[in-house]
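Beneath this line is the structure, given in structure tokens, with notes to follow.
The values are calculated or read from the model by the stated rules, or taken from the named source; none is laboratory data. From a predicted model like this one, the values you see are computed outputs, not experimental measurements. Virtual Cβ from ideal backbone geometry, glycine too; neighbours counted across all protein chains shown. Remember, those area values only see protein heavy atoms, side chains included, never the ligands or the DNA or RNA. Shrake-Rupley method; radii C 1.70, N 1.55, O 1.52, S 1.80 Å.
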Amino acid sequence: MTRQEREERIRGWLVGRLPEEWFTAPVDLTTDRDEITVIGTLAAPKVAQEASAVERSAAESGRIKEFRERTREHRIRIARELEHATGQKVAWGAACGESRETFTTQSVPVMTRLRQSERQVLDTLVESGVARTRSEALAWCVKLVGRNVEPWLADLRAAMAHVEQVRSQGPDAADRTDGLDDPAPEGDPAKTQSDPPPEK
């Protein structure tokens with residue numbers, strides 16, 4: 001199963017699982033090996049036609065906050081089911097008008113080795129006050145690269161998707177599966193924990 005096919009299965013599962021009244025459009029799904037992020041589009045709040053951009057932004061932010069609080073427990077239940085099926089953490093977010101917010105997301109440590117010239121880049125960012133630590137400076141660099149080379153990254157992802165498509169046609173393709181078709185068994189801790197997990 002390719003990454004694209006897996007994302008399509010997750011998106012389809014969510015279409016069947018999410019209440020229809022929550023979002024006005026199909027969810028925006030982003031995945032990597034650690035996390036699934038689900039962003040839903042909310043109905044825009046009704047504001048006066050002559051309302052300023054500041055007022056509209058505040059109304060959209062309020063709508064997102066209202067959705068987050070009202071659906072918290074339901075979203076946690078859905079996230080647990082999806083986490084049990086996929087082995088990945090699930091994060092939520094919402095878009096409303098021009099506003100977009102991601103709720104609690106996973107921060108994953110990534111170990112790397114850097115030579116002196118590369119460390120000097122990070123130290124310059126720290127010493128100039130752009131970042132507080134080398135770790136924060138490295139995260140800042142990754143965000144900057146992501147913004148500036150997005151077309152190239154998109155081409156790279158497309159090429160990787162083609163490789164996955166070819167690989168998925170191999171002789172052991174039938175053996176690869178996920179848990180999206182298998183409901184969590186009765187009594188499974190993913191569905192019966194009494195202590196609420198961190199905010200989703």
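At least 1 residues that are aromatic (Phe, Trp, Tyr) in each: list the helices (runs of 4 or more DSSP H) lying fully within region 1-88 that qualify.
3-17, 53-70
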Pair list, Cβ under 8 Å, 6 or more apart: region 56-78 residue farther than 13 Å from residue 92 by Cα, other residue of a type outside the set (S, T, N, Q) and open to solvent by 70 Å² or more (accessible area, probe 1.4 Å): 56/98; 57/98; 60/98
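Pull up region 110-143, narrow it to residues that are more than 23 Å from residue 33 (Cβ to Cβ) and among the acidic types (Asp, Glu), then point me to the one that is least open to solvent (accessible area, probe 1.4 Å).
The selected residue is 123.
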Tally, over region 126-151, of residues that are among the hydroxyl-bearing types (Ser, Thr, Tyr) and part of a helix (DSSP H, G or I): 1
Region 22-32: number of residues that are open to solvent by 50 Å² or more (accessible area, probe 1.4 Å) and in contact with a helix residue (DSSP H, G or I) (Cβ under 8 Å, 6 or more places away or on another chain): 1
Could you tell me whether residue 146 is out of contact with any helix residue (DSSP H, G or I) (no Cβ under 6 Å at 6 or more places or on another chain), farther than 28 Å from residue 64 by Cβ, free of Cβ contacts under 8 Å to residues at least 12 places away in the same chain and open to solvent by less than 70 Å² (accessible area, probe 1.4 Å)? no
Conditions (1) surrounded by 13 or more Cβ atoms within 10 Å (Cβ to Cβ); (2) over 30 Å from residue 168 (Cα atoms) -> residue 48 fails only (1)
Scanning region 33-44 residue by residue, those out of contact with any Phe, Trp or Tyr (no Cβ under 8 Å at 6 or more places or on another chain), at pLDDT 90 or above and open to solvent by 30 Å² or more (accessible area, probe 1.4 Å) turn out to be 43, 44
Which residue pairs have Cβ atoms closer than 6 Å, lie 6 or more positions apart in sequence or on different chains, and pair a first residue in region 97-120 that is under 30 Å from residue 63 (Cβ atoms) with a second residue that is open to solvent by 80 Å² or more (accessible area, probe 1.4 Å)? 104/198; 106/89
